[in-house]
Amino acid sequence: MSYYRYHVFFCINQRQGGEACCNNHGAQAMRDYAKKRVKTLGLAGAGGVRINNAGCLDRCALGPALVVYPEGCWYTYVDKSDIDEIIDKHLKQGEVVERLLLQK
């Protein structure tokens, strides 16, 4: 059994020279928001959810990216309401949020 039920990695990479990257879309702020909300909901910690930074996840052309393990679900998002939906549906209820999945 895994130490965490879900491990979430937010790409917060910042590329130089104006290249497409997740941090151009506020990735650090969205990661911070998710981490705080998961803690507030009592989901953080052993047996629960861990929110982490990641370097480049190499999906920059598709918008900001995060990945949820153990399923390996890759999501994109626009704002806090999308992050809330991922937390409420995937991390709390175990349901994949189909509309936010990154295309392969």
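The values are calculated or read from the model by the stated rules, or taken from the named source; none is laboratory data. Note that the structure is predicted; figures quoted are calculated from it, not measured. All Cβ positions, glycine included, derive from the backbone under ideal geometry; neighbour counts span all protein chains shown. With ligands, DNA and RNA removed, areas are computed over all heavy atoms of the protein, side chains included. Shrake-Rupley method; radii C 1.70, N 1.55, O 1.52, S 1.80 Å.
Name the residue that is farthest from Ala27 (Cα to Cα), counting only residues in region 77-103 that are in contact with a strand residue (DSSP E or B) (Cβ under 8 Å, 6 or more places away or on another chain) and not in a helix (DSSP H, G or I).
Within region 77-103, the match that is farthest from Ala27 (Cα to Cα) is Val96.
Any residue in region 76-86 that is of a type in the set (A, V, I, L, M) and open to solvent by less than 50 Å² (accessible area, probe 1.4 Å)?
yes
Working only within region 59-71, note down all residues that are over 15 Å from Asn24 (Cβ atoms) and over 11 Å from the mean Cα position of the chain (by Cα).
Those that are over 15 Å from Asn24 (Cβ atoms) and over 11 Å from the mean Cα position of the chain (by Cα): Pro70, Glu71.
Keeping to region 46-70, report how many residues are surrounded by fewer than 19 Cβ atoms within 10 Å (Cβ to Cβ), in contact with a helix residue (DSSP H, G or I) (Cβ under 7 Å, 6 or more places away or on another chain) and either among the aliphatic types (A, V, I, L, M) or not in a strand (DSSP E or B) (or both).
Within region 46-70, residues that are surrounded by fewer than 19 Cβ atoms within 10 Å (Cβ to Cβ), in contact with a helix residue (DSSP H, G or I) (Cβ under 7 Å, 6 or more places away or on another chain) and either among the aliphatic types (A, V, I, L, M) or not in a strand (DSSP E or B) (or both) number 1.
With respect to Val8, determine if the residue is in contact (Cβ under 8 Å) with a residue 60 or more places away in the chain, open to solvent by less than 60 Å² (accessible area, probe 1.4 Å) and within 17 Å of Gln103 (Cα to Cα).
Working: in contact (Cβ under 8 Å) with a residue 60 or more places away in the chain: yes; open to solvent by less than 60 Å² (accessible area, probe 1.4 Å): yes; within 17 Å of Gln103 (Cα to Cα): no.
Spelling it out, it is not the case that Val8 is in contact (Cβ under 8 Å) with a residue 60 or more places away in the chain, open to solvent by less than 60 Å² (accessible area, probe 1.4 Å) and within 17 Å of Gln103 (Cα to Cα).
Hey, could you check region 14-41 for residues that are free of Cβ contacts under 8 Å to residues at least 40 places away in the same chain, in a loop (DSSP other than H, G, I, E, B) and open to solvent by 60 Å² or more (accessible area, probe 1.4 Å) and say which is nearest to Tyr4 (Cα to Cα)?
Once the filter is applied, the top-ranked residue is Gln14.
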